[in-house]
Ligand SMILES: *Cc1c(COP(=O)(O)O)cnc(C)c1O
């Protein structure tokens, strides 16, 4: 089955084999070698110096996002969230559940972030932290982190980024864009398996945290223990074997710029092919290379999904109110040109039958 949903992804043979690594107790030196290696390789993806730490967690991407928000916004802190999709709204939902003082700049899900509105909000009130989604997977939109980061810097706010569906395939200029922390997961653009996630955090942003809102998702605890070749709880050992292999494969293939180029090529193939079939993309600009949202053809989602699944492809529905208008295709994972070619042939047969 070729997975064209935004993670979990179709695995490479190497990553699949890595899951069968030796039995390993997580309190033995061999595990800490594995943990150290994965943490270093995650920083190396964006060439980050030791002023940053990659902190590993068990759990899906949402665990890392929740750990980032709840561990980094201190008591007395104030959070501003700019939301233009499901995942932006999830940032605000996390703040609400933990009673973190939060203002949400809501946007239509098909709209870009209103940078002037963001600037006004930052000027009107003192916010310690600003949280945004980098690649809003709801629509495939890449939010303008460089401009958002410049605003955060000017107004003295730490920038917290949900980079779950961009880390490893889109540019992330941590220093230049004033990123204090970015949360992501093993099973999207890094091509690992689900079960591990992480936060890449500037150590000075971690140190200011004084209030513990969660026992299990406390980032400072994980960071301190992992720095000391230790772990507070049982980590997903086999998932980390797979992530270590996936990170080796990423580096060997040329790192994030090469993966970006690869996705860009595949996504262009999808976009041109669907366009030729009269299926336009939702966005004309500001698109990620990772995932595209497309207008549903007249046959509707179920017929399209089920027909493609019979041919060995899993596509993804639109979320929430967009479910009746859109479908989505991600190009992450072990997907090749020939797969996309077969996909387009299958779509053509379905919409013309
Ligand atoms: C996938 C994703 C998440 C995490 O979702 P999980 O279901 O926890 O894996 C968070 N943010 C974005 C932008 C995502 O694409």
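Within the stretch 126-162, the set of residues being in contact with a helix residue (DSSP H, G or I) (Cβ under 8 Å, 6 or more places away or on another chain), in a strand (DSSP E or B) and within 29 Å of residue 264 (Cβ to Cβ) comprises 130, 131, 132, 133, 136, 159, 160, 161, 162.
Within the stretch 221-237, restricting attention to residues that are surrounded by 15 or more Cβ atoms within 10 Å (Cβ to Cβ) and touching a strand residue (DSSP E or B) at 6+ places or on another chain (Cβ under 9 Å), the residue that is nearest to residue 203 (Cα to Cα) is 223. Restricting the stretch 324-353 to residues that are within 25 Å of the chain's Cα centre (by Cα) and surrounded by fewer than 20 Cβ atoms within 10 Å (Cβ to Cβ) leaves a set whose member that is nearest to residue 247 (Cα to Cα) is 334. Checked against (1) more than 21 Å from the chain's Cα centre (by Cα); (2) at pLDDT 95 or above; (3) under 25 Å from residue 84 (Cα atoms), residue 321 passes all but condition (2). Scanning the stretch 217-237 for residues that are more than 21 Å from the chain's Cα centre (by Cα) and farther than 20 Å from residue 182 by Cβ yields 225, 228, 229, 230, 231, 232, 233, 234, 237. Scanning the stretch 22-81 for residues that are in a strand (DSSP E or B) and closer than 17 Å to residue 187 by Cα turns up 54, 55, 56, 57, 58.
On the stretch given as the stretch 180-195, residues that are closer than 16 Å to residue 135 by Cβ and away from the ligand (no atom under 15 Å from the Cβ) total 0. Checked against (1) modelled with pLDDT under 95; (2) in contact with a strand residue (DSSP E or B) (Cβ under 7 Å, 6 or more places away or on another chain); (3) surrounded by fewer than 15 Cβ atoms within 10 Å (Cβ to Cβ), residue 203 meets all criteria but (1).
Within the stretch 196-213, if we keep just the residues that are more than 16 Å from the ligand (Cβ to nearest atom) and outside any helix (DSSP H, G or I), the residue that is nearest to residue 20 (Cα to Cα) turns out to be 201.
The values are calculated or read from the model by the stated rules, or taken from the named source; none is laboratory data. As the structure is a prediction and not an experimental result, all values here were calculated from the model. Neighbour counts run over all protein chains shown; Cβ positions are idealised from the backbone, glycine included.
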